[in-house]
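Q: Pasting in a structure now, in structure tokens, and then I'll have a few things to ask.
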Number of protein chains: 2
Amino acid sequence: MSMSTTTARPAGRPRSEKAEKAILEATLDLLGEGMGVSELSIEAIASRAGVGKTTIYRRWSNKEDLVVDALATLKAPVPELAGESVRDDLVTLLEVMRTEAGHVRRRCVMNIAMSESDRHPQLFAKFRKIAIEPRRNAVRAVLERGKANGELRADLDVELAMQTLTGAMIVHTKWHQGEPLAEDLSERIVDMVLEGIAAR
Amino acid sequence: MSMSTTTARPAGRPRSEKAEKAILEATLDLLGEGMGVSELSIEAIASRAGVGKTTIYRRWSNKEDLVVDALATLKAPVPELAGESVRDDLVTLLEVMRTEAGHVRRRCVMNIAMSESDRHPQLFAKFRKIAIEPRRNAVRAVLERGKANGELRADLDVELAMQTLTGAMIVHTKWHQGEPLAEDLSERIVDMVLEGIAAR
DNA sequence: CCGATACGCAACGGTTGCGTTTCATAACTT
DNA sequence: AAGTTATGAAACGCAACCGTTGCGTATCGG
């Protein structure tokens, strides 16, 4: 009756971490290539990962659970914020979105956010909590701070401002795919929303 | 050798306009219910329309052509613009988007615009020409006019402003489905973008 | 070595949708 | 009446994918 070092390991061959990682990677690859959750097939994932279907079904009972776990590995890398000005911090946050639009791997985050909210509401809920809310919180914090210290209007509707900032970037990335995004895009969006488009 | 009243009608039973209309309606219904183009099946359309598959295949050679034609029946109802002020015209245009988000039938326009751009690029291209560009042109015209007559900044980036205005509405409708959209949403978006969020 | 578990692989029966064909019937021209 | 085309229904063979099972092998603990 000896205890293993940390947890009592069950008898038999342990599950391959390499296989598990390969499955999640393959899932993200396929999603990143523009494949929707509906079209994503377990067989395609197994094939891409070089793994038997059995190995997948042993770990996840259905496709949605697998996708949720795969997306969970994409922890939102909310950047360090200088905190010097609202403008600079907003630019920093939008730059993250712009950069991700170029990386195949990270792009699927936004693809899924926009595409699958209707068809897989429960998946979307989990995904939102994991990948979207942290970023929204970061933007919200910057705006609230600016509202408190006078950089922004006192009557600002923070939620609406968040949607305006991110919406501009999302529309741009969605409908200009292929063409690289202008390097100063984030600055231009932030400055426009800060100063307004009306003449002074 | 007599000519028919208008066009020389070919011999035999004419194609049923009722069937054709039913097919297009069924297609729009299914799309409006949140079904993606990939999941949309000819069999489901035929069943919903009360029509044989033969009748569909005789008119369209593939699913994408059918979807394009179905979407084409949703002519962009660009509203009359009062033309009194840039602000009022922009509110009018955004109100169209907001209202459509409530109608099941019209909602699919936006759903497809956001979801299917990657997977069906050629469908998206046609769709964009039919349904998106007319609206973009209307917004662009308002902004250009405002830029010319001094209501808007002389150095305004019109394209970016369009994306900001529509992006805010799109994000709002996409992520708040279910909850009805506030009635003054369009006004609040327009005023925010016009005046900016920075303190004066 | 032995028992237990995981592995990749192949095959299974079942479902869905494809695009086509056949059929009896309906609608229209001459 | 005769000829022609369209219609809805049903069935076809084909392919993809489902979730499961069996196989021989690999990897662990005891």
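The values are calculated or read from the model by the stated rules, or taken from the named source; none is laboratory data. Bear in mind that the values here come from a model prediction, so they are computed numbers and not experimental data. Glycine gets a Cβ as well: all are built from the backbone with ideal geometry, and neighbour counts include every protein chain shown.
Q: Quick one: which of B:Gly36, B:Gly32 is within 14 Å of chain A (Cβ to nearest Cβ), in contact (Cβ under 8 Å) with a residue 40 or more places away in the chain, of a type outside the set (D, E, K, R) and within 16 Å of DNA strand D (Cβ to nearest atom)?
A: Just a single option satisfies the conditions, and that option is B:Gly36.
Q: Let me ask something else. Is one or more of the residues making up segment A:184-194 of a type outside the set (S, T, N, Q), farther than 20 Å from B:Ala113 by Cα and in contact with a His (Cβ under 7 Å, 6 or more places away or on another chain)?
A: The initial filter retains those residues of segment A:184-194 that are of a type outside the set (S, T, N, Q), namely A:184-185, A:187-194.
So of that shortlist, the ones also farther than 20 Å from B:Ala113 by Cα come out as A:184-185, A:187-194.
Adding the requirement that they be in contact with a His (Cβ under 7 Å, 6 or more places away or on another chain) leaves A:185.
Yes, segment A:184-194 has at least one match.
This table checks each residue for (1) of a type outside the set (S, T, N, Q); (2) in the same structural domain as A:Leu152 (by TED's automatic domain parsing); (3) under 13 Å from the mean Cα position of the chain (by Cα).
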residue	(1), (2), (3)
A:Lys21	yes, no, no
A:Ser41	no, no, no
A:Ala44	yes, no, no
A:Val51	yes, no, no
A:Leu71	yes, no, yes
A:Glu80	yes, no, no
A:Leu90	yes, yes, no
A:Val104	yes, yes, yes
A:Arg107	yes, yes, yes
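Q: Taking the residues in segment B:55-97 that are among the polar types (S, T, N, Q) and touching a residue at least 12 places away in the same chain (Cβ under 8 Å) as candidates, determine which candidate is nearest to B:Lys174 (Cα to Cα).
A: B:Thr92
Q: Do the conditions hold for A:Ile132, that is, is it under 24 Å from the mean Cα position of the chain (by Cα) and at the interface with chain B (Cβ under 9 Å from one of its Cβ atoms)?
A: yes
Q: From the set of residues in segment B:19-55 that are assigned to a loop (DSSP other than H, G, I, E, B) and farther than 27 Å from B:Pro121 by Cβ, which is nearest to DNA strand C (Cβ to nearest atom)?
A: Going through the qualifying residues, I end up with B:Gly52.
Q: Tell me, which residue of segment B:135-160 that is farther than 30 Å from B:Val104 by Cβ and hydrophobic (A, V, I, L, M, F, W, C) is farthest from the other protein chains (Cβ to nearest Cβ)? Even if it seems obvious, please write down each step before you answer.
A: First, pick out the residues of segment B:135-160 that are farther than 30 Å from B:Val104 by Cβ: B:143-160.
Subset that is hydrophobic (A, V, I, L, M, F, W, C): B:143, B:148, B:152, B:154, B:156, B:158, B:160.
On the way: B:Leu143: 8, B:Ala148: 11, B:Leu152: 5, B:Ala154: 7, B:Leu156: 6, B:Val158: 9, B:Leu160: 6 Å.
Among residues in segment B:135-160 that are farther than 30 Å from B:Val104 by Cβ and hydrophobic (A, V, I, L, M, F, W, C), the one farthest from the other protein chains (Cβ to nearest Cβ) is B:Ala148.
Q: Still on this structure, please answer the following. Looking at segment B:177-200 only, could you name the residues that are touching a helix residue (DSSP H, G or I) at 6+ places or on another chain (Cβ under 9 Å), more than 9 Å from chain A (Cβ to nearest Cβ) and in a loop (DSSP other than H, G, I, E, B)?
A: B:Leu181, B:Ala182, B:Glu183
Q: Further question: Does B:Val86 fit the bill of being farther than 30 Å from B:Leu152 by Cβ and out of contact with any Cys (no Cβ under 7 Å at 6 or more places or on another chain)?
A: Spelling it out, it is not the case that B:Val86 is farther than 30 Å from B:Leu152 by Cβ and out of contact with any Cys (no Cβ under 7 Å at 6 or more places or on another chain).
Q: Continuing with this model, one more query. Could you list all residues from segment A:147-166 that are part of a loop (DSSP other than H, G, I, E, B) and of a type in the set (Asp, Glu)?
A: A:Glu151, A:Asp155, A:Asp157
Q: Something else now. Out of curiosity, is B:Arg140 closer than 22 Å to B:Arg98 by Cβ and part of a helix (DSSP H, G or I)?
A: yes
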